[in-house]
Amino acid sequence: MTSQSQFTRALTDPAQPVPAGLVSPRGSVDSKRFAVYRNNVHVSLVGALAARFPVTRQLVGEEFFAGMARLYVGQTKPKGPVLLHYGDSFPDFVAQFPPASGLPYLPDLARLEAAWTDAYNAADVDVLVPADLSTIGGDALAALDLTLAPSTRLVRSGFPVGSLWSAHQTTPVSIPALSGSECVLLTRPEADIRLTIIPPAAFAFLKAIGQGLPLGQASEAALTDFPDFDPGAALVGLAGLGAFAALTKEQADV
Amino acid sequence: MFHDPLPARPGLGLKPQHYAQIIAEKPDLGFFEVHAENYMGEGGPPHRYLSAICADYPLSLHGVGLSIGGEAPLDRDHLKRLRALVERYQPASFSEHLAWSSHDEGYLNDLLPVPYTPETLERVVAHVDEVQQALGRRMLLENPSTYVLFEESTIEEVDFLAAIADRTGCGLLLDVNNVMVSAVNHRLDPVAYIDRFPVHHVGEIHLAGYDETTDDAGERLLIDAHGSRVRPDVFALYRHTIIRTGALPTLVEWDNNVPAFDVLMDEVRLVDEVLDGTLNRRLAS
């Protein structure tokens, strides 16, 4: 009897022989036949990573990406049959992958791509529009706990990964200068994902709101490091990008 | 709960790169099919497009990850996700595979084979019962494409599938490309397989393109690849099938190297000719 444990071990470890009890119609053990299953597992999971990390793949080339992804697949199988989030740890793997060390921006670029899929598949909610804030008085505004929209994602990098990603959305690709840090905001104001490079102060402000601070305290947190920060303008701008979930009924009635 | 069945017409797998064209052009098709697991995100564009397309076409929801042939119990969380999708989209059909894909190590993302024995039959029957109860509806179970045989198998695949359908009340999804792939790989007669298949249980047909390589003995080994046109021998077998079954909902699957939508519609026209031919023969008789 060939158990599924035996089958799985042989499937995931090419050094293992074909499990006993699996034969060709000639009754013989046939390694090329079993190799079809091994290949299907690897190729399909490498394909899932290629679909989630297309710019990473473009940057390193198909062959390099396939080799790198194959090693990751060998170590990390999906936890379940929904592959939308498969590869959450792939950017960390890339960061630890010595042959990719010549491209120091690659792990953050992969992080941005992972965040992009998360934003793409996040729950649908009504977003806050700037006009929603116009009726709220100063004190109430400072005390307001805004919630980030489920699709809002923040990625900060020591490299211009937002510009690099954007450059790969058109052909021919013209690679931007690869120096300088960037704060990237992903939002889904309506149908599709919007990528915006935002100032570090706005990033700090959003991060503080995301951690649950009311608007007044989030402004102070940003102002500590960025004395020129204009919270009102940032709030209107970020709301315009769809970064926040709509107010609850209680909040709107204040 | 009663659902209108899929129409006995050609259908296509729905691919994100074709969403906009389908909504704009409303191509003449009987239905669309999606892989359930691709719509298990919480929200976003995939659901928005699928909702729009479901307003114009019947939907076939096709699962690829339930591991019905698995030795382990079914994944209850996954069943809940399926139920939520079924409730949200009210598909005309839900189908899954006679295969397993999950093990302790994780999800393997391939449809792996099951030996055909009285023990595995009991297990699959119990799992199909559980799925149908969890979803509150009848499902279709698809015949697999396989590359190896189990020495321990004692039941023929057709009889195994027929027994599952008889005992659980489920329907069957007859994948004609899988029949060709397995028949060539195991030196069986594909026409004889179709002629013995319990066609009264069939609720849908799948067609796809296969790839070809060789085994250790240098003999033909077909691979269920879903990355090309339906091969002529599969079309011939499909024609033979439809003469036996009458017109049935027929999906053209093309999941890898997905071409322009118009290429898929060329395949649809070929399916239409076969289905129309049956109609004409029936009108003439």
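The values are calculated or read from the model by the stated rules, or taken from the named source; none is laboratory data. These numbers were taken from a predicted model, which means no experiment stands behind them. Positions of Cβ are backbone-derived with ideal geometry, glycine not excepted, and every protein chain shown enters the neighbour counts.
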Test for A:S181: is it touching a residue at least 24 places away in the same chain (Cβ under 8 Å) and either within 16 Å of the chain's Cα centre (by Cα) or over 22 Å from A:L247 (Cα atoms) (or both)
yes
Give the stretch B:191-209 a look and list any residue that's within 15 Å of B:P232 (Cβ to Cβ) and either within 14 Å of another protein chain (Cβ to nearest Cβ) or buried (at least 24 other Cβ atoms within 10 Å of the Cβ) (or both), or say none.
B:L207, B:A208
Determine whether the stretch B:184-203 contains at least one residue that is in contact with a strand residue (DSSP E or B) (Cβ under 9 Å, 6 or more places away or on another chain), farther than 30 Å from B:K15 by Cβ and not acidic (D, E).
yes
Go through (1) more than 7 Å from chain B (Cβ to nearest Cβ); (2) surrounded by fewer than 18 Cβ atoms within 10 Å (Cβ to Cβ); (3) over 17 Å from A:K77 (Cα atoms) one by one and return the number of the condition A:A51 breaks.
(3)
Just wondering, is there one or more residues in the stretch B:50-69 that are over 20 Å from the mean Cα position of the chain (by Cα), buried (at least 18 other Cβ atoms within 10 Å of the Cβ), within 15 Å of A:L83 (Cβ to Cβ) and within 11 Å of chain A (Cβ to nearest Cβ)?
no
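Name the residue, out of A:L195, A:L215, that is touching a strand residue (DSSP E or B) at 6+ places or on another chain (Cβ under 7 Å), among the hydrophobic types (A, V, I, L, M, F, W, C) and buried (at least 17 other Cβ atoms within 10 Å of the Cβ).
A:L195
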Report yes if some residue within the stretch B:70-77 is in a loop (DSSP other than H, G, I, E, B), within 14 Å of chain A (Cβ to nearest Cβ) and under 29 Å from A:W116 (Cβ atoms); otherwise report no.
yes
Taking A:A10 as meeting all but one of (1) surrounded by 13 or more Cβ atoms within 10 Å (Cβ to Cβ); (2) within 8 Å of chain B (Cβ to nearest Cβ), write down the number of the exception.
(2)
Any residue in the stretch A:204-220 that's closer than 11 Å to A:L146 by Cβ and assigned to a helix (DSSP H, G or I): show its pairings with residues that are of a type in the set (D, E) and modelled with pLDDT of 95 or more at Cβ separation under 9 Å, as long as the two are six or more apart or on different chains.
A:A208/A:E220; A:I209/A:D145; A:L215/A:D145
With the condition kept exactly as written, say whether any residue in the stretch B:158-176 is within 14 Å of another protein chain (Cβ to nearest Cβ), under 25 Å from A:V41 (Cβ atoms) and either in contact with a helix residue (DSSP H, G or I) (Cβ under 9 Å, 6 or more places away or on another chain) or not in a strand (DSSP E or B) (or both).
no
From A:V46, A:V18, A:V73, A:V36, grab the single residue that is within 14 Å of chain B (Cβ to nearest Cβ), out of contact with any Phe, Trp or Tyr (no Cβ under 9 Å at 6 or more places or on another chain) and either in a helix (DSSP H, G or I) or not charged (D, E, K, R) (or both).
A:V73
Residue pairs within 6 Å by beta carbon, gap of at least six or interchain, first lying in the stretch B:211-237 and hydrophobic (A, V, I, L, M, F, W, C), second surrounded by fewer than 17 Cβ atoms within 10 Å (Cβ to Cβ), listed first then second, are B:L221/B:T213; B:L221/B:T214; B:L222/B:E212; B:I223/B:D211; B:A225/B:D211
Across (1) loosely packed, with under 14 Cβ neighbours inside 10 Å; (2) of a type in the set (D, E, K, R); (3) not in a strand (DSSP E or B), B:E212 clears everything bar (3)
